[in-house]
Amino acid sequence: MAISSPSIVLVNPEIAGNTGAVGRTCVALDMELVLIHPLGFTITDTRLKRAGLDYWQHIRLAEFRSWEAFLEERAPRADQLFLFEEYAPRTFFEPEYPEDAYLVFGRETKGLPEEIVEAHAAQMVSLPMRSDKVRSLNLANTVCAAAYQALRGQFSR
């Protein structure tokens, strides 16, 4: 029986290698990967599969033609959505993540589209950085940190 886990949602990802690495994390943590189109690459891109290694075949993958299509089909509750943006008013350490959470990440170069941020401002969280010398973290690294934080209560020693 599969463990109930949050889903990782990538909105318009641009870099195949990042998405492949995120897919590998999803397999490791038994999380669904949700891709919101348009993508900056094709799903058959060799860079995507190279970064995901031979794990890509095990990914629980869902694809949606748009953010609106995702909202329409999945109809997530407000308490399920966690939108990751560097300027969010609270850190990702603060919320309690439900087992059916959606961890939502934007494009590598521009983040989430403004209309999504405006519509879901109360659900925004950030990964804090201690240095002002770095503008942002790599998407795959951010997703990995967020995924483990969301699952922190589900691991036993």
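Here the Karplus relation 6.51 cos²θ - 1.76 cosθ + 1.60, evaluated at θ = phi - 60°, turns the backbone of segment 79-91 into coupling constants of 6, 8, 8, 9, 9, 9, 9, 4, 9, 5, x, 10, 8 Hz, with x for every Gly and Pro. Rolling a 1.4 Å probe over the protein heavy atoms of segment 42-147, with every protein chain left in place, gives an accessible area that is 49 percent carbon and sulfur. When the alpha carbon gyration tensor of segment 98-157 is reduced to an equivalent ellipsoid, its three semi-axes come out at 22, 17, 10 angstrom, largest first. So for the chain: antiparallel DSSP bridges make up what percent, rounded to the nearest 5? The antiparallel fraction comes to roughly 5 percent.
Listed values for segment 7-21 are Karplus-derived 3J(HN,Hα) couplings in whole Hz (6.51 cos²θ - 1.76 cosθ + 1.60, θ = phi - 60°), namely 9, 9, 10, 10, 9, 6, x, 10, 10, 4, x, 5, 5, x, 5, and x replaces Gly and Pro.
Look at the alpha carbon pairs under 8 Å that are at least 6 residues apart: their mean separation over the length of segment 92-157 gives a relative contact order of 49 percent. Among Leu127, Leu33, Leu71, the largest mean-square fluctuation in a Gaussian network model of the chain, built with springs joining Cα atoms closer than 10 Å, belongs to Leu71.
Across Glu114, Glu86, Glu32, mean-square fluctuation computed from a Gaussian network of the chain (C-alpha pairs under 10 Å connected) peaks at Glu114. Take the chain, mark every one of the chymotrypsin sites (Phe, Trp or Tyr not before Pro) that falls in a DSSP loop and has at most 14 other Cβ within 10 Å, then report the longest stretch left between them, sites excluded. No qualifying site falls inside 1-86, the longest such stretch. Per residue, the accessible area of the chain comes to 56 Å² when a 1.4 Å probe rolls over the protein heavy atoms. Think of it as helices only: each DSSP H run of n ≥ 4 in the chain is worth -39500 (n - 2.57), and spread over all residues that comes to -8500 deg cm²/dmol at 222 nm. Under 5 Å between amide hydrogens, built in the peptide plane, is the criterion, and for Leu112 it picks out Gly106, Arg107 among residues at least 5 positions away or on other chains. Overall, the ratio between the Cα radius of gyration of segment 40-157 and 2.2 N^0.38 Å, rounded to two decimals, is 1.13.
Structure remark: mean-square fluctuation, Gaussian network model of the chain, C-alpha springs under 10 Å; the largest value among Ala101, Ala140, Ala62 belongs to Ala62. Percent relative contact order of the chain, based on C-alpha pairs within less than 8 angstrom and at least six residues apart? Rounded, it is 28 percent for the chain.
The values are calculated or read from the model by the stated rules, or taken from the named source; none is laboratory data. Because the structure is a prediction, the values reported are computed rather than measured. Positions of Cβ are generated from backbone atoms using ideal geometry, with glycine treated the same way; all protein chains shown enter the neighbour counts. Just so you know, the surface numbers come from the protein's heavy atoms only, side chains and all, with ligands and any DNA or RNA stripped out. Shrake-Rupley method; radii C 1.70, N 1.55, O 1.52, S 1.80 Å.
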